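To keep things clear, I will list the structure first and then write my remarks on it.
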Amino acid sequence: MLVLAHISDLHLDGTARATERARRVRDRLWRLPRRPDALLVTGDIADHGTEAEYEEAAALLGLRDGDAPFPVLTCPGNHDSRAPYRKSLLGVPPADGPVDSVHVTAGGAVLMCDSSIPGRDDGQLAAETCAWVESTLDELGGELPVLLAFHHPPVSLHHPLPDSFPLRDPDRLAALLARRPEIAGLITGHAHTPAATTFAGRPLVVGPGVTWTIRLPWEGEPIADRDAPPGFALHVLDDTGRLTSHFRVVT
């Protein structure tokens, strides 16, 4: 069994408000009586993609001093910038290619895919990333259930804001899923609302936003509910490959 805590869309921007909300969620997760196997952060970690914002994120998430109680897994969103993300968040040499990585446990594997397109707000899993997914799954041998994590949901969520900046070429992802039965589900962010649906016959779970929550069309205006408490998810991938997700808010 694999248990993931999941946060998204911190949008750290140097303000006290963004820092307080992110720290509030961090503290709640750090104090969980039973630790998850990892914390997954699905993009828009920084708001402007600056080195200073990633330095703050690295300190807040325990990536610099190693004081996080579990591994912290990240992938970029449309507000992130690849070179400073690598340098200041991950502590590796800056580069402009997709930031893709894998985390393997006895209960399953998580592939963190870069769906960002530099300079744009919509997303795409580039051919380079799709080839990396295929080769990584080949190396894993098909014996472990796998979760794909990336920022942009590949389906409509019935809100004009996230639906205006979707994952492009979803058919490419659907074809990959058809070839890969070991992929048990997809985990994304971007929409600033917890949501659950399906894509190409697999579960698709969207994590809540930390910085603010989107108001759905039926909930009125303004779009951003900045007073709603930040949230997180807990995902359980069991030994049969079934994904179960729970959502919490942090008051």
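In this structure, is PRO222 at pLDDT 95 or above and within 18 Å of ASP9 (Cβ to Cβ)?
Yes: the conditions hold for PRO222.
Would you be able to say whether some residue in the range 142-152 is surrounded by 20 or more Cβ atoms within 10 Å (Cβ to Cβ), more than 17 Å from the chain's Cα centre (by Cα) and closer than 18 Å to PRO203 by Cα?
Yes, the conditions are met somewhere in the range 142-152.
Which pairs do you get when a residue that is over 22 Å from ILE187 (Cα atoms) and without any contact (Cβ under 8 Å) to a residue 40 or more places away in the chain, found in the range 81-106, comes within reach of a residue that is surrounded by 15 or more Cβ atoms within 10 Å (Cβ to Cβ) and of a type in the set (Asp, Glu), reach meaning Cβ atoms under 7 angstrom, with the pair 6+ apart or on two chains?
PRO84/GLU51; LYS87/GLU51; SER88/GLU51; SER88/GLU55
Being part of a helix (DSSP H, G or I) and either under 19 Å from the mean Cα position of the chain (by Cα) or more than 21 Å from GLY201 (Cβ to Cβ) (or both) is the filter here; which residues of the range 108-135 pass it?
Within the range 108-135, ALA127, GLU128, THR129, CYS130, ALA131, TRP132, VAL133, SER135 meet the criteria.
Step by step: first the residues of the range 67-88, then only those that are surrounded by 19 or more Cβ atoms within 10 Å (Cβ to Cβ) and either at pLDDT below 95 or among the polar types (S, T, N, Q) (or both), then the one that is nearest to LEU140 (Cα to Cα). Which residue is that?
The qualifying residue nearest to LEU140 (Cα to Cα) is THR74.
Within the range 8-66, which residues are buried (at least 16 other Cβ atoms within 10 Å of the Cβ), among the small types (Gly, Ala, Ser) and closer than 29 Å to ALA106 by Cβ?
Listed by number, the residues that qualify are SER8, ALA38, GLY43, ALA57, ALA58, GLY62.
In the range 38-97, what count of residues is obtained for those that are among the β-branched types (Val, Ile, Thr) and within 19 Å of HIS192 (Cβ to Cβ)?
Within the range 38-97, residues that are among the β-branched types (Val, Ile, Thr) and within 19 Å of HIS192 (Cβ to Cβ) number 4.
Which numbered condition in (1) under 15 Å from LEU10 (Cα atoms); (2) of a type in the set (Gly, Ala, Ser); (3) part of a loop (DSSP other than H, G, I, E, B) is the only one that ALA68 fails?
The single condition ALA68 does not satisfy is (1).
Run down ARG26, ARG34 and say which single residue is under 16 Å from the mean Cα position of the chain (by Cα), of a type in the set (Lys, Arg) and either modelled with pLDDT of 95 or more or part of a loop (DSSP other than H, G, I, E, B) (or both).
On inspection, the qualifying residue turns out to be ARG26.
Just give me the residues in the range 93-107 being under 17 Å from the mean Cα position of the chain (by Cα) and not in a loop (DSSP other than H, G, I, E, B), in sequence order.
SER101, VAL102, HIS103, VAL104
Listed here are the residues, each with its yes/no results for (1) free of Cβ contacts under 8 Å to residues at least 40 places away in the same chain; (2) more than 27 Å from GLY141 (Cα to Cα); (3) surrounded by fewer than 17 Cβ atoms within 10 Å (Cβ to Cβ).
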| residue | (1), (2), (3) |
| --- | --- |
| HIS158 | no, yes, yes |
| ASP169 | no, no, yes |
| ALA184 | no, no, no |
| VAL206 | no, yes, no |
| TRP218 | yes, yes, yes |
| PHE232 | no, yes, no |
| HIS235 | no, no, no |
| HIS246 | yes, yes, yes |
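Please tell me if LEU40 is closer than 17 Å to THR188 by Cβ and in a strand (DSSP E or B).
yes
Just one of LEU204, LEU234, LEU176, LEU186 is under 26 Å from LEU144 (Cβ atoms), part of a helix (DSSP H, G or I) and modelled with pLDDT of 95 or more; which is it?
None of the others qualify; the one that does is LEU176.
Please go through the range 67-92 and pick out each residue that is within 16 Å of the chain's Cα centre (by Cα) and among the polar types (S, T, N, Q).
Within the range 67-92, THR74, ASN78, SER81 meet the criteria.
Could you say which residue among VAL210, VAL250 is under 18 Å from THR74 (Cα atoms) and either within 15 Å of the chain's Cα centre (by Cα) or of a type outside the set (Phe, Trp, Tyr) (or both)?
VAL210
The values are calculated or read from the model by the stated rules, or taken from the named source; none is laboratory data. Because the structure is a prediction, the values reported are computed rather than measured. Heads up, the Cβs are rebuilt from the backbone with ideal geometry, glycines too, and the neighbour counts pull from every protein chain shown.
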